[in-house]
Amino acid sequence: MPEEPCQCPDCQRFYREHDRLIRENPTLRQQQELNWAALQSFRTLAGRVMEELQKQQEASEAQPATGAAAAPAAAAPAEPDTPEEPDAMQQALADLENINAHLFSIEALMERIFDVRVPEEVERLFREQAGELAPDPLNADRLRLNRLLHQTPDLPDRG
(Lines give C-alpha, C1' and ligand atoms only; values in the text may rest on other atoms or scores of the structure.)
Protein backbone atom coordinates (compact mmCIF):
# COMPACT_ATOMS: atom_id res chain seq x y z
CA MET A 1 0.00 0.00 0.00
CA PRO A 2 1.52 3.37 -0.99
CA GLU A 3 2.33 5.83 1.76
CA GLU A 4 -0.23 8.61 2.16
CA PRO A 5 0.97 12.12 1.26
CA CYS A 6 1.85 14.29 4.23
CA GLN A 7 -1.03 16.46 5.42
CA CYS A 8 0.98 19.14 7.26
CA PRO A 9 0.31 22.76 6.16
CA ASP A 10 3.73 23.14 4.51
CA CYS A 11 3.31 19.99 2.43
CA GLN A 12 -0.27 20.91 1.52
CA ARG A 13 0.94 24.34 0.36
CA PHE A 14 3.66 22.61 -1.69
CA TYR A 15 1.13 20.21 -3.29
CA ARG A 16 -1.16 23.13 -4.21
CA GLU A 17 1.73 25.12 -5.71
CA HIS A 18 3.05 22.05 -7.54
CA ASP A 19 -0.35 21.37 -9.09
CA ARG A 20 -0.88 25.06 -9.94
CA LEU A 21 2.45 25.20 -11.77
CA ILE A 22 1.55 22.12 -13.79
CA ARG A 23 -1.95 23.45 -14.61
CA GLU A 24 -0.72 26.91 -15.61
CA ASN A 25 2.34 25.64 -17.53
CA PRO A 26 1.26 22.34 -19.11
CA THR A 27 3.81 22.17 -21.96
CA LEU A 28 7.49 21.38 -22.11
CA ARG A 29 8.24 24.86 -23.46
CA GLN A 30 6.30 26.56 -20.67
CA GLN A 31 8.03 24.44 -18.02
CA GLN A 32 11.42 25.31 -19.53
CA GLU A 33 10.62 29.03 -19.47
CA LEU A 34 9.16 28.86 -15.98
CA ASN A 35 12.19 27.09 -14.57
CA TRP A 36 14.60 29.41 -16.36
CA ALA A 37 12.79 32.48 -15.02
CA ALA A 38 12.67 31.03 -11.50
CA LEU A 39 16.38 30.23 -11.59
CA GLN A 40 17.28 33.68 -12.87
CA SER A 41 15.09 35.45 -10.32
CA PHE A 42 16.62 33.36 -7.52
CA ARG A 43 20.14 34.24 -8.69
CA THR A 44 19.27 37.93 -9.05
CA LEU A 45 17.69 38.19 -5.61
CA ALA A 46 20.36 36.14 -3.81
CA GLY A 47 23.09 38.15 -5.54
CA ARG A 48 21.52 41.47 -4.58
CA VAL A 49 21.11 40.42 -0.94
CA MET A 50 24.72 39.20 -0.88
CA GLU A 51 25.92 42.56 -2.26
CA GLU A 52 23.87 44.43 0.35
CA LEU A 53 25.26 42.30 3.20
CA GLN A 54 28.80 42.86 1.93
CA LYS A 55 28.20 46.65 1.90
CA GLN A 56 26.82 46.53 5.44
CA GLN A 57 29.75 44.43 6.59
CA GLU A 58 32.27 46.82 5.02
CA ALA A 59 30.51 49.79 6.61
CA SER A 60 30.46 48.17 10.05
CA GLU A 61 34.15 47.24 9.75
CA ALA A 62 35.05 50.79 8.76
CA GLN A 63 32.93 52.35 11.52
CA PRO A 64 34.73 50.88 14.57
CA ALA A 65 38.11 51.93 13.16
CA THR A 66 37.06 55.59 12.97
CA GLY A 67 34.78 55.67 16.00
CA ALA A 68 36.86 53.58 18.42
CA ALA A 69 39.17 56.43 19.45
CA ALA A 70 36.28 58.85 19.86
CA ALA A 71 34.13 56.67 22.13
CA PRO A 72 36.03 53.84 23.82
CA ALA A 73 33.62 53.67 26.78
CA ALA A 74 30.57 53.31 24.55
CA ALA A 75 32.12 50.33 22.74
CA ALA A 76 32.85 48.37 25.91
CA PRO A 77 29.28 47.29 26.80
CA ALA A 78 28.61 46.08 23.26
CA GLU A 79 31.62 43.72 23.14
CA PRO A 80 29.81 40.51 24.22
CA ASP A 81 27.31 40.87 21.36
CA THR A 82 29.84 41.84 18.70
CA PRO A 83 31.56 38.47 18.09
CA GLU A 84 28.28 36.60 17.51
CA GLU A 85 26.84 39.01 14.97
CA PRO A 86 29.86 39.14 12.63
CA ASP A 87 30.10 35.34 12.77
CA ALA A 88 26.44 35.03 11.79
CA MET A 89 26.90 37.55 8.97
CA GLN A 90 30.06 35.81 7.77
CA GLN A 91 28.22 32.49 7.75
CA ALA A 92 25.26 34.04 5.89
CA LEU A 93 27.62 35.50 3.27
CA ALA A 94 29.40 32.17 2.87
CA ASP A 95 26.04 30.38 2.52
CA LEU A 96 24.86 32.88 -0.10
CA GLU A 97 28.10 32.48 -2.04
CA ASN A 98 27.55 28.70 -2.01
CA ILE A 99 23.94 29.14 -3.12
CA ASN A 100 25.03 31.37 -6.01
CA ALA A 101 27.69 28.85 -7.04
CA HIS A 102 25.11 26.04 -7.03
CA LEU A 103 22.63 28.18 -8.96
CA PHE A 104 25.31 28.92 -11.54
CA SER A 105 25.90 25.17 -11.94
CA ILE A 106 22.17 24.56 -12.30
CA GLU A 107 22.01 27.32 -14.92
CA ALA A 108 24.72 25.60 -16.96
CA LEU A 109 22.72 22.35 -16.87
CA MET A 110 19.45 24.11 -17.63
CA GLU A 111 20.89 25.67 -20.76
CA ARG A 112 21.04 22.16 -22.20
CA ILE A 113 17.43 21.46 -21.19
CA PHE A 114 16.30 24.80 -22.59
CA ASP A 115 17.63 23.90 -26.05
CA VAL A 116 15.32 20.86 -26.38
CA ARG A 117 12.37 21.30 -28.72
CA VAL A 118 9.63 18.73 -29.24
CA PRO A 119 6.91 18.38 -31.90
CA GLU A 120 3.41 19.68 -31.22
CA GLU A 121 2.20 16.09 -30.79
CA VAL A 122 4.50 15.74 -27.77
CA GLU A 123 3.37 19.11 -26.39
CA ARG A 124 -0.23 17.83 -26.61
CA LEU A 125 0.80 14.80 -24.59
CA PHE A 126 2.35 17.15 -22.02
CA ARG A 127 -0.95 19.07 -21.77
CA GLU A 128 -2.93 15.82 -21.46
CA GLN A 129 -0.69 14.49 -18.70
CA ALA A 130 -0.80 17.85 -16.91
CA GLY A 131 -4.59 17.61 -16.80
CA GLU A 132 -4.35 14.17 -15.22
CA LEU A 133 -1.56 15.05 -12.79
CA ALA A 134 -3.04 18.33 -11.61
CA PRO A 135 -6.71 18.67 -12.49
CA ASP A 136 -8.36 22.00 -11.86
CA PRO A 137 -9.37 21.98 -8.17
CA LEU A 138 -12.36 24.21 -8.96
CA ASN A 139 -13.65 21.91 -11.69
CA ALA A 140 -17.28 20.99 -10.92
CA ASP A 141 -16.59 17.24 -11.21
CA ARG A 142 -13.60 17.51 -8.91
CA LEU A 143 -15.62 19.48 -6.33
CA ARG A 144 -18.40 16.86 -6.41
CA LEU A 145 -15.88 14.05 -6.02
CA ASN A 146 -14.22 15.81 -3.08
CA ARG A 147 -17.61 16.32 -1.43
CA LEU A 148 -18.46 12.64 -1.91
CA LEU A 149 -15.10 11.49 -0.57
CA HIS A 150 -15.52 13.59 2.57
CA GLN A 151 -18.94 12.06 3.18
CA THR A 152 -17.75 8.44 2.84
CA PRO A 153 -17.65 6.86 6.32
CA ASP A 154 -15.09 4.14 5.47
CA LEU A 155 -12.37 6.64 4.49
CA PRO A 156 -10.09 7.91 7.25
CA ASP A 157 -10.75 11.43 8.46
CA ARG A 158 -8.21 13.84 7.00
CA GLY A 159 -9.06 16.84 9.15
query: Does the stretch 42-61 contain any residue that is surrounded by 12 or more Cβ atoms within 10 Å (Cβ to Cβ) and charged (D, E, K, R)?
result: yes
Within the stretch 17-32, of all residues that are among the charged types (D, E, K, R) and in contact (Cβ under 8 Å) with a residue 12 or more places away in the chain, the one nearest to Val116 (Cα to Cα) is Arg29
Those residues of the stretch 115-159 which are modelled with pLDDT under 60, among the hydrophobic types (A, V, I, L, M, F, W, C) and either assigned to a helix (DSSP H, G or I) or surrounded by 11 or more Cβ atoms within 10 Å (Cβ to Cβ) (or both) amount to Leu145, Leu149
When restricted to Met110, Met89, the only residue surrounded by 10 or more Cβ atoms within 10 Å (Cβ to Cβ), touching a Phe, Trp or Tyr at 6+ places or on another chain (Cβ under 8 Å) and either at pLDDT below 95 or small (Gly, Ala, Ser) (or both) is Met110
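The values are calculated or read from the model by the stated rules, or taken from the named source; none is laboratory data. The model shown is predicted, which means the values in this text are computed figures rather than measured ones. Ideal geometry is used to build each Cβ from the backbone, glycine not excepted, and the neighbour counts take in all protein chains shown.
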